[in-house]
Amino acid sequence: MRALDYAFVGCEFVPADTGLRFDVIGVARRTRQVRIYEVKSSRGDFLADGKWQRYLPYCTHFAFVAPAGAIQRWELEPGIGLIEYGAPAFASMRRARRFGVTILREDCLRATRPSRRLREGVGDVPWIALLETLALGTRFGCGGESAPEFGEGAGI
């Protein structure tokens, strides 16, 4: 998400007073663009999750990140993205390593269904909840981050 010029990228993010927890979130510069990724470890994890629809008001783009084949594209609503890791091509690349093939990080992920813009910007109430959490610098995970760091011109 940093390559997409998001001013803040965090994981295990809990917006103020919502009871929700986003696995990965990116807040864009100067706009109300918010991208959320929900990480699933298996098909059972996806089927047991009924709360992801509550995340949609807090984002402009939403996608699942799951093992290849765990989620079928037809199971998702229009506009919801799907990024698969460990795709079948990756297994053959791993076998080819012994012949000197270099595996890049980008080779491990495959966007089988890109997320589409759900709305132009996040509404006022969800936006304020996100900003309160960012301003207070609390409720962060992802390797012990204690407070967000913004690039120049974060626009928040």
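None of the figures in this text is laboratory data; all of them are computed from the coordinates on show. What you see is a predicted model; the values in this text were computed from it and never measured. For neighbour counting, all protein chains shown are included, and Cβ atoms are generated from backbone atoms with ideal geometry for every residue, glycine included.
Could you go through region 54-66 in sequence order and give the Karplus-derived ³J(HN,Hα) for each residue, using 6.51 cos²θ - 1.76 cosθ + 1.60 with θ = phi - 60°, rounded to whole Hz, and x for Gly and Pro?
6, 6, 4, x, 8, 9, 9, 9, 9, 8, 8, 10, 8
Name the long-range amide H neighbours of A16: under 5 Å, sequence gap of 5 or more, or other chain; modelled H, no Pro or chain starts.
T133
Packing-wise, with mean Cβ within 10 Å as the measure, how do 47-57, 63-73 rank, highest first?
Details: 47-57: 13.0, 63-73: 17.9.
Top of the packing list down: 63-73, 47-57.
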